[in-house]
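First comes the structure, then the notes that go with it.
All of the numbers you see were taken from the coordinates with simple rules; none came from a lab. Quantities reported herein were computed from a predicted structural model and do not represent experimental measurements. Counting neighbours? That spans all protein chains shown, and the Cβs are built from the backbone with ideal geometry, glycine included.
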Amino acid sequence: MTDQAAHVLTTGERGVRTITLNRPEVLNACNLALLQALGQALRDAEKDESVRCVVITGAGRAFCSGQDLADVADRYTSPEPIELGSHLRKHYHPVIVRLRTMEKPVVAAVNGVAAGAGCSLALACDVRIAAESASFIEAFVNVGLVPDSASTFMLPRLIGVGRALEMCFTGRKLAAAEALSLGLVTRVVPDADLPAECAKLAQKLSGMPTRAIGLTKRALNAAWTADLESQLEYEAMLQTTAGQSHDHREGVLAFMEKRPPKFLGR
Ligand code: T3D
């Protein structure tokens, strides 16, 4: 295994690809190798037709602590001006865009702290299930930065602008129970149950009409910036596509024949 590959572990079972961020000694902080390996793992999962649901989690006691600050320590001792935008564009944006546009459900199994860009990573997934000991920190302000990697896009849409501003201004830790009460996560489960609960959900999703789920993700992404008429038109267009799928025909036939459907994701 190359050093880069070791930073992200992938396993597959019955249509589910699990991607584990694997630098537990630094709470899965993102160095370049981890970001590249994560990007590659997501590209592979997107391309592989046998993968119908993706789970992202962290090794050890954390989900992800964001940018590896030690990895970029040189910036802070050099007299050169620091330029962060190009680093984000090159290494973070492709990961976030792929998570949001991949037409497969992506579940974040948030096993511990998700801080800074690690919090953004969790927010960019479609569904978040948290362990009781998990937490979310928009840690950027603690190091004098602006939330990035789409935290300013996802967070207010998930919990509202007022709460997003408070979280981002203070950089405080939001515990799993509060995250649940704000709608940032859909479920909180005992730490020991997280892998099994997420696997159960992922298995369920992977057996569903995943083509329709992918198109639904497209529709909900578009709805964030659309007006009513254009969204209605977009739904009609996507429904035309879904209507021609195997799974639509199968779903209706199975209903009429009073048998369980066999969805193929196409
Ligand atoms: O290119 C760019 O820079 C732009 C992109 C920016 C995106 C960002 O993500 S900016 C925000 C970066 N992240 C942070 O500021 C979070 C830093 N970490 C923390 O605040 C804390 O570690 C946590 C609140 C996440 C967890 O605290 P705690 O007490 O549970 O753990 P700890 O003891 O602080 O951390 C354990 C180890 O992980 C420790 O190493 P050690 O002392 O055992 O050798 C610590 O240094 C290391 N670690 C944790 N987070 C990072 C890290 N090492 C490097 N980078 C980290 N982000």
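Does region 109-266 come out rounded, prolate or oblate, given a ≥ b ≥ c as the square roots of the eigenvalues of its C-alpha gyration tensor, rounded meaning a/c under 1.5 and, failing that, prolate meaning a/b above b/c? Because a/c hits 1.5 or more and a/b fails to exceed b/c, region 109-266 counts as oblate. Need the list of lysines near residue 204 for cross-linking: C-alpha distance under 23 angstrom, and skip anything on the same chain fewer than eight residues off. The qualifying lysines are 47, 104, 217, 258, 262. Segment residue 73..residue 259, full-extension length gain: 60.9 nm, with 0.36 nm per residue of separation and the alpha-carbon distance subtracted. Would region 33-176 count as rounded, prolate or oblate if I go by the C-alpha gyration tensor, calling it rounded below 1.5 in a/c and otherwise prolate when a/b exceeds b/c, oblate otherwise? Oblate is the answer for region 33-176, as a/c is 1.5 or above yet b/c matches or exceeds a/b. Here residue 84 and residue 182 are evaluated by their C-beta separation; at R0 = 41 Å the FRET efficiency comes out at 0.90. Packing-based ranking of 209-217, 91-99, 170-178, 75-83 yields 209-217, 91-99, 170-178, 75-83, ordered from highest to lowest mean Cβ neighbour count within 10 Å. Within region 92-130, name every residue whose backbone N is under 14 Å away from a label modeled 7 Å from Cα of residue 165 along the Cβ vector. Nothing falls inside the zone, counting backbone N under 14 Å. Helix 161-170 and the longest principal axis of the C-alpha atoms of the chain enclose an angle of approximately 30°.
Computed over the chain, the alpha-carbon pair-distance distribution with 10 angstrom bins reads 7, 28, 34, 21, 8, 2, 0, 0, each value a whole percent.
Only bridges with both residues in the chain count here: give the DSSP antiparallel percent, nearest 5.
The antiparallel proportion sits near 30 percent.
Taking other Cβ atoms within 10 Å as a rough exposure proxy, 237, 256 sort from fewest to most as 256, 237. Distance from the Cα centroid of region 126-140 to that of region 1-76 is 16 Å (rounded to whole angstrom).
Applying 1/(1 + (r/R0)^6) with R0 = 22 Å to the Cβ-Cβ distance of residue 153 and residue 203 gives a FRET efficiency near 0.15. Could you tell me which of rounded, prolate or oblate describes region 198-266, using a ≥ b ≥ c as the square roots of the eigenvalues of the alpha-carbon gyration tensor, with rounded for a/c under 1.5 and, failing that, prolate when a/b is larger than b/c and oblate otherwise? Oblate shape, in that a/c is at least 1.5 and b/c is the bigger or equal ratio. Given R0 = 41 Å, the distance between the Cβ atoms of residue 143 and residue 11 translates into a calculated FRET efficiency of 0.80. Think of region 1-119 as a dipole: +1 on every Lys or Arg Cβ, -1 on every Asp or Glu Cβ, centred on the Cα centre; then among 18, 34, 107, 107 lies furthest on the positive end.
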